[in-house]
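Here the structure is laid out as structure tokens; the discussion comes afterwards.
The values are calculated or read from the model by the stated rules, or taken from the named source; none is laboratory data. What you see is a predicted model, and the numbers here were worked out from it, not measured in a lab. Don't worry about glycine lacking a Cβ; one is built from the backbone with ideal geometry, like all the others, and counts go over all protein chains shown. Please note that ligands, DNA and RNA were not included when accessible areas were found on the heavy atoms of the full protein model with its side chains. Shrake-Rupley method; radii C 1.70, N 1.55, O 1.52, S 1.80 Å.
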Amino acid sequence: MTATFKAVADIIAEVCSIEPAKISPASHTIDDLGIDSLDFLDVAFAIDKKFGIKMPIERWMQEVNEGKTAAEDYFVLNNLCSRIDELVAAKAA
Amino acid sequence: MQFDYFQMVDRVETFDLEARSLRCHAQVPDSSTIFEGHFPGHPIMPGVLLIESMAQTSGYLMLALAQYERMPFLAGVKDAKLRSFVRPAASLVVAVSIEHEGSGYTVTRCRVEQGGKTVAEASIMLRSLPFPNPELKATLRGFADRIGMP
């Protein structure tokens, strides 16, 4: 379990009142955890603040809606954490 | 303030683009049917309208920062505190600043002051979307012009 996943899981558990045991790296934020768009905004805010980044959610959604990317690439937690790590690394570069 | 038209802000006092902050004057009306019910013989401005005044001021700030290309919508209110009663004819200042600008959403820190004292405060989240039609965009631009937004 990566530090990023641990931090994201903690945020989701607190913001969305989800039992931590139900959150795994394979969890889909929408299909498995039932996080709706409004709660996801709160999650995004907490992640942005925690990691000092700005997750490009609108661009991600647009790519998903246009069929350029599968939703799983952004919204399954291990993939989301990889995106966060990329954004943190890009910021540090 | 024009309660009947849900216009809670009267004029801009200061707009600081660099600090991403906005202060607006808001004059509570002397009388309103709202005060007749809230409460009979003890008129005070409803707390939800103080929160709305902070949300609208946040919205004007977001409109200006987005150069009137996106429309803000209230999405969440956190840590709201209503510290003092606000009476009819009160002269208020609503001060907001950007706490975080995310992708498609913004969080602002807001307070309402009366005579330099904070009477209400909150953290407000607004999501922003493209205007649903050009007419609404023009109307919002007109609202902003009315209060003296740049």
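Would a scan of region A:1-11 turn up a residue that is exposed (fewer than 14 other Cβ atoms within 10 Å of the Cβ), touching a residue at least 24 places away in the same chain (Cβ under 8 Å) and more than 14 Å from chain B (Cβ to nearest Cβ)? I'd like the intermediate steps shown before the answer.
First, pick out the residues of region A:1-11 that are exposed (fewer than 14 other Cβ atoms within 10 Å of the Cβ): A:1-3, A:6.
Pick out the ones that are also touching a residue at least 24 places away in the same chain (Cβ under 8 Å) and you get A:1-2.
Pick out the ones that are also more than 14 Å from chain B (Cβ to nearest Cβ) and you get A:1-2.
Checked region A:1-11: at least one residue is exposed (fewer than 14 other Cβ atoms within 10 Å of the Cβ), touching a residue at least 24 places away in the same chain (Cβ under 8 Å) and more than 14 Å from chain B (Cβ to nearest Cβ).
Among the listed residues A:S27, A:S82, which satisfies the condition of being more than 14 Å from chain B (Cβ to nearest Cβ), farther than 30 Å from B:T108 by Cβ and crowded, with 18+ Cβ neighbours inside 10 Å? Even if it seems obvious, please write down each step before you answer.
Values: A:S82 fails: crowded, with 18+ Cβ neighbours inside 10 Å.
Answer to the check: A:S27.
Does region B:105-113 include one or more residues that are under 24 Å from A:M55 (Cα atoms) and in contact (Cβ under 8 Å) with a residue 60 or more places away in the chain?
no
So which residues in region A:30-46 are hydrophobic (A, V, I, L, M, F, W, C), open to solvent by less than 60 Å² (accessible area, probe 1.4 Å) and within 14 Å of chain B (Cβ to nearest Cβ)? Explain how you work it out, then say what you get.
Residues of region A:30-46 hydrophobic (A, V, I, L, M, F, W, C): A:30, A:33, A:35, A:38, A:40-41, A:43-46.
Adding the requirement that they be open to solvent by less than 60 Å² (accessible area, probe 1.4 Å) leaves A:33, A:35, A:40-41, A:43-46.
Correct list: A:F40, A:L41, A:V43, A:A44, A:F45, A:A46.
Please enumerate the residues belonging to region B:106-131 that are open to solvent by 60 Å² or more (accessible area, probe 1.4 Å) and either part of a strand (DSSP E or B) or hydroxyl-bearing (S, T, Y) (or both).
Passing the criteria: B:R109, B:R111, B:Q114, B:K117, B:R127, B:L129, B:P130.
Mind counting the residues in region A:27-56 that are part of a helix (DSSP H, G or I) and touching a strand residue (DSSP E or B) at 6+ places or on another chain (Cβ under 8 Å)? Spell out how you get there, then give the answer.
Of region A:27-56, the ones part of a helix (DSSP H, G or I) are A:37-51.
Those left that are additionally touching a strand residue (DSSP E or B) at 6+ places or on another chain (Cβ under 8 Å): A:38, A:41-42, A:44-45, A:48-49.
Total satisfying the criteria: 7.
In the list B:E36, B:E69, which residue meets the criterion of being free of Cβ contacts under 8 Å to residues at least 12 places away in the same chain, among the acidic types (D, E) and surrounded by fewer than 19 Cβ atoms within 10 Å (Cβ to Cβ)? Talk me through it step by step, then tell me what you get.
Numbers: B:E69 fails: free of Cβ contacts under 8 Å to residues at least 12 places away in the same chain.
Answer to the check: B:E36.
Out of everything in region B:85-105 that is open to solvent by 30 Å² or more (accessible area, probe 1.4 Å) and assigned to a loop (DSSP other than H, G, I, E, B), what residue ends up being nearest to the other protein chains (Cβ to nearest Cβ)?
B:F85
Tell me, which residue of region A:15-32 that is touching a residue at least 12 places away in the same chain (Cβ under 8 Å) and within 16 Å of A:A46 (Cα to Cα) is nearest to the chain's Cα centre (by Cα)?
A:T29
Among the residues of region A:47-69, count how many are facing another protein chain (nearest Cβ under 10 Å) and open to solvent by less than 40 Å² (accessible area, probe 1.4 Å).
Adding up the residues that qualify gives 7.
Counting just the residues of region B:6-31 that are farther than 14 Å from B:A89 by Cα and of a type in the set (D, E, K, R), which one comes out surrounded by the fewest Cβ atoms within 10 Å (Cβ to Cβ)?
B:E18
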